[in-house]
Amino acid sequence: MSEEKHSPPTNGATDRHDTPNAEVEKQSDEQREKGGARDGSNGKGEKPKDKNSPPGGFDRTRIPRARDGYTVRFTFHRAENLPMSDLNSRSSDPYIHATLTSPLPKRHKEDPDLILRTPTVHRNTDPEWNTRWIVAGVPSSGFRLKCRIYDEDPSDHDDRLGNVTINVHRIGSDWQGIKEESFSIKKRMASKRAYSMRACAVLLSSVAMGGHLIVSAEVLGESEPPHGRMYTIGETAWVKHYSPMIGRIAGTKAPGSDSQPGGKTEKYDFQANEFQLQGPVPEELYHRFVEFKPFVKGMFSKAGLRGRILNRALHHQHASVYNFSNSTEYGIVEPRSEEASMQFLKMVHFDEGGRIFTYVVTLDGLFRFTETGKEFGIDLLSKHTMHSDVNVYIACSGEFFVRRLKHPKQSVDSPSQATHPDTDLPGGPPDETPPKDPRNYELVIDNDSGTYRPDGSILPLLKEFLKANFPSLHVATKDCTDEKLARMKEGQRERKKKEGKNIQMVQNSDDDISSSDEERLDKYEKKIKREQVLSAVENPKQTMKDLIPGRKGKKEREERETSGDGVEVNGGPSGT
């Protein structure tokens, strides 16, 4: 149901969900049948099982078409009279987590909804965000916008301060829209701690109990066809997350703290990045996780005890890496501009340090990436799964790196072309500052992901999408099986050894079909009590054998006898 407001609704916002348009549903069913007939899949877009190829990977299911779509600009202006979540500061650190849904059918039910997180306003119970969100493809049958307001707490879980849900039955070019209207914040599912403090404040002063959220929504015009899905076209926002704790465990350093020879300073830190690209993402970029081992499906679907534990662990890892705090940096750039290209190059530190990055592009064009490297000491179970926040479907994933070109105006394949880090070029790292022109750089991006295994034949679509979002930046796509790509990555690693002091953010790679991940899981399964319990649930017969007197003691003796046989690396035992 819709939220109460100070003034009567005059914009078409109501308290019921609109029924999906029958025409759209019929059309989508026909489209699924056609798609299934073309690619050999069934009506749900699922591939036939092949003993030689596990389910998942590239999915040919087409987007169900709709008859219309409009571009809507949502503006989250401010909130009033929010409860205090922190007793010491007598304030809160509020942000909005907005979810947009519509009657449009999805390709698969697991496709994620459109979401937006506003920046956090620290120490304020009357925050002003003025965050804009422009979404294309919103159908005339309306939308549902749910705004959850949270208090940011990096050291603990974020407390919910309340909800606002706005339902609109019908939109069009003549829709009056929502113009800075005030919606009452509902306290259902909100933090008891925050509202207990609010109740005390009400008793001791004239403070009102309820808060309000002020929101606007307006139609900017009809979206470009084909219609059938909603996607973000603005604002082009970027976020840099810092996690000193992970950085200290990983042993990674960034310029800025301990004194170093030559006047340079360093500190422990870890950086994770998000860059909202302007949609739509090409329809063909659509990949499902690959079920290369039995436990993987449960990890995504939360099936069984082990699946729930692994799913929760990966969500926790995602929240730790993409951690929001008062050190998080936010910014807005002009969409599809050289300004956007320069901001991306700044986030990857241009061509310094021979860096290689692990990335995921979501279905809504959110580009997430961190640096890759064996220095990262934390054992992330599945790297691309962590980046996607355990999403069943994504657009693409893999690795990338940036090279500086000797001749920016020449083709990268020109015989006279040279690149850094393969060659020491003047006018940039390691001795000088990087050139501030995207024409000097080439982005080399691949599909090296064991979790989703993106199809190499559709990488040209990824290339065009990235070139449109990063003008003037050279873009090259390479299949992960390309031998030249392997040599280029080796060149990056060699440069990294020489320019190691510049390394700031590190994370293990996700290549070789994540076989190393399963090996670690199997290793832990023998030693961790939690995994022993899971094994007992899944294989009670083997557990009964293990309980036979003498078997456990024999196993422990064998482990003690072989515990010192491991190869030592740098004076210490190998392994995690």
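For this structure, a couple of remarks:
- Net lengthening on full extension, Lys109/Glu483 (0.36 nm per residue, minus Cα-Cα): 130.8 nm
- Database remark: amide H of Ser91 closer than 5 angstrom to the amide H of Ser85, Asp86 (H placed geometrically; neighbours at sequence offset of 5 or more, or on other chains; Pro and chain starts carry no H).
- The residues of the range 107-183 present an accessible area of 42 Å² per residue when probed at 1.4 Å with all protein chains retained.
- Accessible area (Å², per residue) of the range 311-435, counting only protein heavy atoms and a probe of 1.4 Å: 37 Å²
- Förster radius 30 Å - calculated FRET efficiency between Lys186 and Ser457 (Cβ-Cβ, nearest 0.05): 0.05
- Rg(Cα)/(2.2 N^0.38 Å) for the range 77-134, N = residue count: 1.50
- P(r), alpha carbons of the range 267-355 - 10 Å bins starting at zero, rounded %: 12, 27, 33, 24, 4
- Rounded percent of accessible protein surface that carbon and sulfur make up, the range 320-360, 1.4 Å probe: 43 percent
The values are calculated or read from the model by the stated rules, or taken from the named source; none is laboratory data. Here the structure is a predicted model, which means the values were calculated and not measured. Please note: Cβ atoms are built from the backbone with ideal geometry, for glycine as well, and neighbour counts cover all protein chains shown. Please note that ligands, DNA and RNA were not included when accessible areas were found on the heavy atoms of the full protein model with its side chains. Shrake-Rupley method; radii C 1.70, N 1.55, O 1.52, S 1.80 Å.
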